[in-house]
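Engineer: I have a structure I would like to understand better, so I am pasting it below and will then ask my questions one at a time.
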Amino acid sequence: VIYPLETDDGIYAALWDRDSKRLVAKIPNPSIYDGPFPRWLPGGDAFVTSAYHEGSKSSEWSQEWWMVNRDGKIQQLTYFENMYSNYRFGTDSSLSPDGRYLAFGLHIGDPASNEPKELIILDLQTLESISTCIPIYDYGIDPLWSPDGKYLAVSNYWGSNSIVVLNIEQGWAVKAFTEEKKNWELGGWLASGE
């Protein structure tokens, strides 16, 4: 189980083995209470979480994505600190149903700014970050994958209220539900994937 662990030296995302009743791993994660939240990969062999990097040169907001397996092995997945001096993740994230892609928001610039985040797709097999150039806000609405994992839908409130549907493998996106006076929110996909 993953749970928040508060100690004298900080707040962590902790991994507890219920069978052996022992702490397996902990990783610095003061945002564990408000996201982005840790996400278990399908099959439960590992989880991904955002966490701070010891000795970080960036701002206090800057984090990276990490993977922690059930044995406690920790692997760094992103290296945004090597590219940006100021950045932060949004509060929303989502794993594709097959566990290959992680969708999340990334804001580059003043971390305290309320500007929208850019939707980023991280390929967990290649560790390549794909910039979608789609602005999203943090409204507690995680990006939503179709049941077959072929499509990703996000709420887009920047410039117009709409839902944007992406096909990651084919590299296209389309706006849907663009009536100006409506605030569209994601609800779910039909079992057929529509």
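The values are calculated or read from the model by the stated rules, or taken from the named source; none is laboratory data. Just so we're clear, the structure is a prediction, and the values are computed from it rather than from any experiment. All Cβ positions, glycine included, derive from the backbone under ideal geometry; neighbour counts span all protein chains shown. Side chains included, ligands, DNA and RNA excluded: accessible areas come from the protein's heavy atoms. Shrake-Rupley method; radii C 1.70, N 1.55, O 1.52, S 1.80 Å.
Engineer: Given R₀ = 25 Å, what would the calculated FRET efficiency be for Asp45 paired with Lys21, taking r from the Cβ atoms and rounding to 0.05?
Structural biologist: Values: r = 20 Å, r/R0 = 0.80.
After rounding to 0.05, the efficiency reads 0.80.
Engineer: Report ³J(HN,Hα) in whole Hz for each residue of the stretch 141-153, in order, from the Karplus equation J = 6.51 cos²θ - 1.76 cosθ + 1.60 where θ = phi - 60°; Gly and Pro get x.
Structural biologist: Running phi through 6.51 cos²θ - 1.76 cosθ + 1.60 with θ = phi - 60° gives 10, 5, x, 10, 7, 5, x, 8, x, 7, 10, 10, 10 Hz.
Engineer: While we're here: Using packing as a proxy for protection, rank 16-22, 44-50 so that the peptide with the highest average count of other Cβ atoms within 10 Å comes first. If you can, show how the numbers build up before the last one.
Structural biologist: Numbers: 16-22: 9.4, 44-50: 19.0.
Result, highest mean Cβ count within 10 Å first: 44-50, 16-22.
Engineer: So, for the stretch 1-87, what is the accessible surface per residue at a probe of 1.4 Å, expressed in square angstrom?
Structural biologist: Working: 4990 Å² over 87 residues.
Averaged over the residues of the stretch 1-87, the accessible area is 57 Å².
Engineer: Is there a quick way to get the dipole size of the stretch 1-128? I mean about its Cα centre, with the Cβ of Lys and Arg at +1 and of Asp and Glu at -1; what is the value in debye to the nearest 20?
Structural biologist: Values: 11 positive and 19 negative charges, 76 e Å.
It comes to approximately 360 debye.
Engineer: Applying a 10 Å radius around every beta-carbon, put 27-35, 125-133 in order of their mean neighbour count, most first. Can you show the working numbers first?
Structural biologist: Numbers: 27-35: 17.4, 125-133: 12.0.
Order by mean packing, descending: 27-35, 125-133.
Engineer: Need the list of lysines near Lys175 for cross-linking: C-alpha distance under 26 angstrom, and skip anything on the same chain fewer than eight residues off.
Structural biologist: Straight-line reach from Lys175, under 26 Å: Lys117, Lys150.
Engineer: With a probe of 1.4 Å, find how much accessible area the stretch 99-155 has per residue, and write the answer as a whole number in Å². Display every interim value, and only then the final one.
Structural biologist: Working: 2360 Å² over 57 residues.
Roughly 41 Å² per residue, with all protein chains present.
Engineer: Follow-up question, since we're still on this one. Considering Cα pairs under 8 angstrom that are at least six residues apart, work out the relative contact order of the stretch 103-149 and quote it in whole percent.
Structural biologist: Working: 57 pairs, mean separation 15.0, N = 47.
The value is 32 percent.
Engineer: Here's another thing I want to ask about it. Expressed as a whole percentage, what fraction of the accessible surface of the chain belongs to carbon and sulfur atoms when a 1.4 Å probe is rolled over the protein heavy atoms?
Structural biologist: Working: 5100 of 10490 Å².
Answer for the chain: carbon and sulfur cover 49 percent of the accessible area.
Engineer: Hey, what did the chain get for relative contact order, percent, Cα under 8 Å, at least 6 apart? Please report the intermediate quantities before stating the final value.
Structural biologist: On the way: 428 pairs, mean separation 21.2, N = 194.
It comes to 11 percent, rounded to a whole number.
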